[in-house]
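The values are calculated or read from the model by the stated rules, or taken from the named source; none is laboratory data. Keep in mind the model is a prediction, meaning the values are calculated, not measured. Every residue, glycine as well, gets a Cβ built from its backbone with ideal geometry; the counts of neighbours run over all protein chains shown. Just the protein is used for accessible areas: all its heavy atoms, side chains included, with ligands, DNA and RNA removed. Shrake-Rupley method; radii C 1.70, N 1.55, O 1.52, S 1.80 Å.
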Amino acid sequence: MKRRALIAALCLLATAALAQAPDRDQALIAAAGRGDTAASLRLLKEGASLLTRDTAGRTALVAAAYGNHIETARVLLEAGASPNVRDTIGRTAFMVAAVYGHLELLRLTLKHGADIHTINQYGGTALIPASHYGHVEVVRELLKTAINVNHVNRLGWTALIEAVILGDGGARHTEIVRLLLAHGADPNIADRDRVTPAGLRRDHPPARKSRRALKRRQPDQPAPCLPMFQPSLARCLSPTSTGSSSSGVAIESFQRLRKPNIATQPTISTI
């Protein structure tokens with residue numbers, strides 16, 4: 001009788017523990033999302049799972065990444081969290097760092113095995129949104145890796161094209177264009193409309209379509225303006241800055257773009 005009573009008591013305890021597990025797992029995600037490192041540590045010691053997701057598909061690490069909570073992310077990674085698990089929109093902690101410009105977090109995920117070849121919901125590597133949003137230091141860090149600088153996403157755009165068509169033409173995007181070209185970005189890769197970076201003006205079909213695409217890309221952020229490619233960026237594509245004469249077509253296009261009355265379309269290079 002005593003043995004049966006003991007077994008029954010143990011079963012009740014196990015059932016209670018199983019019932020508490022989901023609450024504990026969700027509590028870990030919530031703690032990570034608000035950057036509560038102490039609570040995260042306690043919940044991990046109590047057996048909370050690193051693999052559980054919330055309704056947005058976020059693990060504790062991805063939740064910490066969105067908040068740029070470095071110490072919490074460090075604790076989770078050291079506890080075995082993977083930097084390559086995606087949420088429901090396809091972002092890993094590594095991709096979140098690239099999109100939002102979280103440099104230290106990006107370095108931390110790379111240290112713990114982030115896959116540099118992972119792609120987001122638009123088929124782009126981390127370099128593409130980082131270039132789009134003007135995160136200079138993140139772009140610089142990514143270019144230290146073996147990431148493909150000429151990767152083309154499902155919209156038909158490379159990192160260079162996104163920096164041009166979705167950037168604001170200011171100092172940050174100018175520097176990003178320089179960095180991309182210095183690391184082998186091809187200015188002659190055309191988009192689906194057979195237009196190269198030098199030919200991406202506001203009145204071109206790609207620019208008009210980009211506005212609609214941009215609204216779908218980041219509903220939680222204001223859409224940046226899409227000006228004509230800034231003349232200052234033309235210097236980035238000069239033969240002297242890249243050490244190559246392959247950008248001559250781009251320079252010719254820029255010279256035409258800078259004229260007040262353009263009678264013909266800019267030179268378009270296709271590959």
**Fill in**
Reported set for the range 171-184 where residues are without any contact (Cβ under 8 Å) to a residue 40 or more places away in the chain and farther than 17 Å from Y133 by Cβ is G184
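Is it the case that G67 is touching a residue at least 24 places away in the same chain (Cβ under 8 Å) and closer than 22 Å to I161 by Cβ?
No: the conditions fail for G67.
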**Message:** Tally up the residues in the range 132-146 that are under 11 Å from the mean Cα position of the chain (by Cα) and either within 14 Å of A97 (Cβ to Cβ) or of a type in the set (A, V, I, L, M, F, W, C) (or both), please.
**Reply:** 5
**Message:** Pull out all pairs, ordered by first then second residue, where Cβ-Cβ is under 7 Å, the residues are six or more apart or on different chains, the first lies in the range 36-52 and is closer than 16 Å to A81 by Cβ, and the second is open to solvent by 30 Å² or more (accessible area, probe 1.4 Å) and assigned to a loop (DSSP other than H, G, I, E, B).
**Reply:** L44/A79; L50/A79; L50/G80
**Fill in**
When L200 is run through (1) surrounded by 20 or more Cβ atoms within 10 Å (Cβ to Cβ); (2) of a type outside the set (F, W, Y); (3) modelled with pLDDT of 85 or more, the failure sits at (3)
